[in-house]
Amino acid sequence: MTTWTDSSLMAFADGEMDAGQSTQLQAALMADNALQQRLVAITEQRARVAAAFAPVLDEPIPDRLSQLLRAPAVANPTPHVIDLHAARTKREPHGIEPAVSSVAPRKAAPTWAQWGGMAASLVLGVLIGAQLKPPMDDPHLGLQGGKLVASGIIEKSLTTQLASESGSGTPVTVQLSFVDKRGQYCRTFSTAHMAGLACQEQGRWAVQHLAALDAAPYTGMRQASSALPRTLLDAVDERIAGDALDANSERSARAQGWRR
Amino acid sequence: MREDIAALLPRLRRFGRTLAHNREDADDLVQIAVERALTHSHQWQPGTRLDSWMFRMMQNAWIDESRARVRRQQTFVEEEAGEHVGVSTNDAQMDALAVREAVSQLNDEQRAVVGLVLVEGLPYKEAADVLGIPVGTLTSRLARARDALQAILADPTGARP
């Protein structure tokens with residue numbers, strides 16, 4: 001009579017035993033309760049371990065992993081600075097300056113005055129967002145007719161979020177809304193990693209300017225006034241006709257679908 | 001290749017969790033392996049198993065990643081506690097937690113064989129190739145891992161060498 005070792009039983013449980021031995025073992029099992037129990041312990045353990053890790057298969061795949069495997073054409077949507085006004089950027093390096101000083105020459109409308117306080121909550125929101133939120137659903141930006149347009153959560157935020165309601169914890173924050181010189185609505189937005197300016201063009205939010213936010217490494221809360229890159233605020237200055245919208249005008253613009 | 005790897009991501013993440021326990025560390029391993037796979041795709045031999053190739057790169061990354069281990073030790077408690085805060089736990093979930101906890105107490109070599117054979121269901125030969133060891137070494141590691149696991153699960157609080 002064969003003595004069945006633990007390693008034989010394990011091989012059987014793992015499907016590694018050859019057919020001849022398997023037949024012998026099965027015959028032995030019929031007549032041997034203790035052998036049965038040893039085998040059951042091994043197969044149970046195997047099933048238990050497999051079951052313990054099985055739920056991982058149903059977890060959503062983190063964005064940082066799925067992004068690696070996107071088609072190369074869209075694999076790198078956030079270069080350090082995407083400046084649609086390259087010449088301007090060359091003239092003024094990607095420095096970050098106090099927003100207040102950049103807008104100071106303009107007439108100080110109430111909305112601008114609120115900006116400092118709003119920016120503080122914006123930055124806090126960006127920080128919290130960066131730490132707690134999973135990466136946003138892609139794509140946030142897309143190409144349409146050769147133009148960069150907001151999509152996904154950025155488009156949604158531009159369309160539905162009021163600057164006055166932008167709070168902490170949202171992945172996209174909207175800061176300023178204004179009417180540009182062509183008479184279209186424009187809005188600035190930021191995510192944990194970038195800030196941009198988008199204006200209405202044929203029902204879409206066409207991105208006019210985009211800049212990376214120096215997201216890392218955060219050592220604490222950034223000064224609110226440095227929240228938006230200088231180049232972005234300049235882009236606002238360049239386009240704005242009159243003042244930024246106040247909360248009421250913003251609300252009515254949203255109600256009309258940002259059409260004029 | 002990208003699509004094939006993308007389809008493997010759930011399993012790669014699962015294997016990562018047997019190695020690293022901590023979710024972030026596990027995903028770090030997957031990320032490293034995916035990046036290596038994409039840059040060294042020419043090194044993969046068609047006709048061989050892509051999953052084994054990826055597992056091997058994850059295992060190598062795990063050996064390299066001493067940094068991750070330090071982090072794992074630091075975040076170990078919060079991670080596991082945090083994952084289950086407010087989650088109604090039934091018996092199956094409790095058991096899964098206990099088993100994952102037990103697996104995390106195995107040594108690196110044992111966790112790798114448990115992950116490859118018991119969780120991923122690789123044949124001995126395939127698992128041995130992933131680890132670059134003879135089948136005999138694999139089976140003896142596997143036997144020791146099973147014994148150790150049984151001991152830990154039988155007495156989760158017991159002091160072990």
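B:Arg111 contributes an accessible area of around 10 Å² to the protein surface, as traced by a 1.4 Å probe with all chains present.
Here's how it looks for A:Leu176: its modeled amide H is under 5 Å from those of A:Thr188, which are all 5 or more places away or on a different chain. Total buried accessible area between B and A, probe 1.4 Å, nearest 100: 3100 Å². Comparing each chain alone with all protein chains together (probe 1.4 Å, DNA, RNA and ligands left out), the residues of segment A:50-68 losing at least 20 Å² of accessible area are A:Ala50, A:Ala52, A:Phe53, A:Val56, A:Leu57, A:Glu59, A:Ile61, A:Pro62, A:Arg64, A:Leu65, A:Leu68. In sequence order, segment A:42-51 has phi-based couplings of 6, 5, 4, 4, 4, 5, 5, 5, 4, 5 Hz under the Karplus curve 6.51 cos²θ - 1.76 cosθ + 1.60, θ = phi - 60°, and Gly or Pro positions carry x.
Applying 1/(1 + (r/R0)^6) with R0 = 51 Å to the Cβ-Cβ distance of B:Thr48 and A:Ala28 gives a FRET efficiency near 0.90.
The values are calculated or read from the model by the stated rules, or taken from the named source; none is laboratory data. Since this is a predicted model, take the numbers as computed values, not measurements. Here the Cβ is made from the backbone with ideal geometry for all residues, glycine too, and neighbour counts use every protein chain on show. Accessible surface areas use protein heavy atoms only, side chains included; no ligands, DNA or RNA. Shrake-Rupley method; radii C 1.70, N 1.55, O 1.52, S 1.80 Å.
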